[in-house]
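K.L.:
Here it is, the structure in full.
Just so it is clear, none of the values below were taken in a lab; they were calculated from the coordinates. Just so it is clear, the structure is predicted and the values come from calculations on it, not from any experiment. When we count neighbours, we look across all protein chains shown, and the Cβ atoms used for this are built from the backbone with ideal geometry, even at glycine.
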Amino acid sequence: MDLYSGYINRLIEELSHLPGIGSKSAQRLAFYLINLPKERVQRFTNAVTEARENVKYCERCFTLTDQTICPVCANARRDTGTIMVVENPRDLAAYEKTGKYEGVYHVLHGAISPMLGIGPGDIKLKELMARLQKDVREVIIATNSSLEGETTAMYISKLIKPTGIRVTRIASGVPVGGDLEYIDEVTLLRALEGRTEI
Ligand code: ZN
């Protein structure tokens, strides 16, 4: 990497840490950015900095929001008796796009993975349990159908069962290991409607 200046190397290095970006893509992006007009670069870096500064977790469902309570939780028409548990905010967005789900969400920010050393304490599970005291009738577990997603679903089910709250799992029409965000709306709705008690 000594072919380029230290500044360029640093930029390539930072970009190569982004998910899905290998060293070739990192070089391509670095040169693209360097060749942009300065004000475009400023706009880009401002967007990154301001998003990082202002975006936080919703105090109820833990999705990412720039408000204390996210728009879904703040909507009085949503049914707070039904909580759908998802792995990340992108999954929440996928279900919101269907426009058919009327309950609220809980975002775990990950899934249990003994292989990666991610335990129940590393995701927002305690926070989910703390929400189950009031009028909750059903918890729909919509974690991915990967090994981690299934492990997480079983773990949550065992935790909640003793409370008497109904626990359901979305139907496995969802491709194995598939990220929920890549699945079309019809499949998502079918998975939701075909959910079964676990
Ligand atoms: Zn929320």
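K.L.:
Defining a contact as two alpha carbons under 8 Å apart and six or more residues distant in sequence, what relative contact order in percent does the chain show? Walk me through the numbers before you get to the answer.
P.N.:
Numbers: 268 pairs, mean separation 30.0, N = 198.
Rounded, it is 15 percent for the chain.
K.L.:
Along Cα→Cβ, 7 Å out, is where each label goes; now give me the distance between the ones at residue 130 and residue 4 in nm to one decimal.
P.N.:
Result for the modelled spin labels: 4.3 nm.
K.L.:
I've got another one for you. Could you list 106, 17 in order of exposure, starting from the residue whose Cβ has the fewest other Cβ atoms within 10 Å? If you can, show how the numbers build up before the last one.
P.N.:
Working: 106 25, 17 8.
Listed from fewest to most nearby Cβ atoms, that is 17, 106.
K.L.:
Using Cα atoms only, what is the angle between the long axis of helix 147-160 and the major principal axis of the chain, expressed in degrees (0 to 90) to the nearest 10?
P.N.:
For helix 147-160, the angle is close to 40 degrees.
K.L.:
Compute the whole-percent fraction of alpha carbon pairs in the chain spaced more than 26 Å apart.
P.N.:
Of the Cα pairs, 44 percent sit more than 26 Å apart.
K.L.:
Any idea how far apart residue 118 and residue 154 come out in nm if each label point goes 7 Å out from Cα toward Cβ?
P.N.:
It is 1.8 nm.
K.L.:
Expressed as an acute angle from 0 to 90° and rounded to the nearest 10, what is the orientation of the C-alpha long axis of helix 6-15 relative to the principal long axis of the chain?
P.N.:
Roughly 20 degrees between the two axes.
K.L.:
Report the normalised scattering of region 20-101 as log10 I(q)/I(0) at q = 0.14, 0.20 Å⁻¹, calculated by the Debye formula with identical scatterers on the alpha carbons.
P.N.:
Values returned for q = 0.14, 0.20 Å⁻¹ are -0.70, -0.95.
K.L.:
Here's another thing I want to ask about it. What's the FRET efficiency of residue 50 with residue 78 using the Cβ-Cβ distance as r and R₀ = 35 Å, to the nearest 0.05?
P.N.:
Values: r = 28 Å, r/R0 = 0.81.
The value I calculate is 0.80.
K.L.:
While we're on this one: Name the residue from 3, 46, 123 whose Cα lies farthest towards the positive end of the charge dipole of the chain, charges +1 on Cβ of Lys and Arg and -1 on Cβ of Asp and Glu.
P.N.:
123
K.L.:
Hey, could you grab the Kirkwood Rh for region 74-122? Inverse mean 1/r over distinct alpha carbon pairs, Å, one decimal.
P.N.:
12.1 Å
K.L.:
Another question about this same structure. Looking at the chain, send over the antiparallel percent of its DSSP beta bridges, to the nearest 5.
P.N.:
Values: 5 of 18 bridges.
The antiparallel proportion sits near 30 percent.
K.L.:
Okay, next question. Using just the helices of the chain, give the 222 nm mean residue ellipticity in deg cm²/dmol: DSSP H runs with n ≥ 4 each add -39,500 (n - 2.57), and the total is spread over all residues, rounded to 500.
P.N.:
Helices in the chain give a 222 nm mean residue ellipticity of -12500 deg cm²/dmol.
K.L.:
Taking neighbour Cβ counts within 10 Å as the exposure measure, how do 77, 169, 10, 195 sort from fewest upward?
P.N.:
In order of increasing Cβ crowding within 10 Å: 77, 10, 195, 169.
K.L.:
Another question, then. About its Cα centre, how strong a charge dipole does the chain have in debye, to the nearest 20, once Lys and Arg get +1 and Asp and Glu get -1 at the Cβ?
P.N.:
280 debye
K.L.:
Would you pull out the residues with amide H under 5 Å of residue 145's amide H, same chain only if 5 or more places away, H placed 1.01 Å from N?
P.N.:
The list, which skips near neighbours in sequence, is 177, 178.
K.L.:
Can you sort 124, 38, 161 from fewest to most other Cβ atoms within 10 Å of each residue's own Cβ?
P.N.:
Ranking 124, 38, 161 by Cβ neighbours within 10 Å, fewest first, gives 38, 161, 124.
K.L.:
Right, here's the next one. Using only Cα atoms and rounding to the nearest 10 degrees, what angle (0 to 90) does helix 38-54 make with the longest principal axis of the chain?
P.N.:
Roughly 30 degrees, rounded to the nearest 10.
K.L.:
Near residue 161, which lysines are there with a Cα under 26 Å away, not counting those fewer than 8 places off in the same chain?
P.N.:
124, 126, 134
K.L.:
Spin-label point model (7 Å from Cα, Cβ direction): what's the residue 161 to residue 96 distance in nm?
P.N.:
3.4 nm
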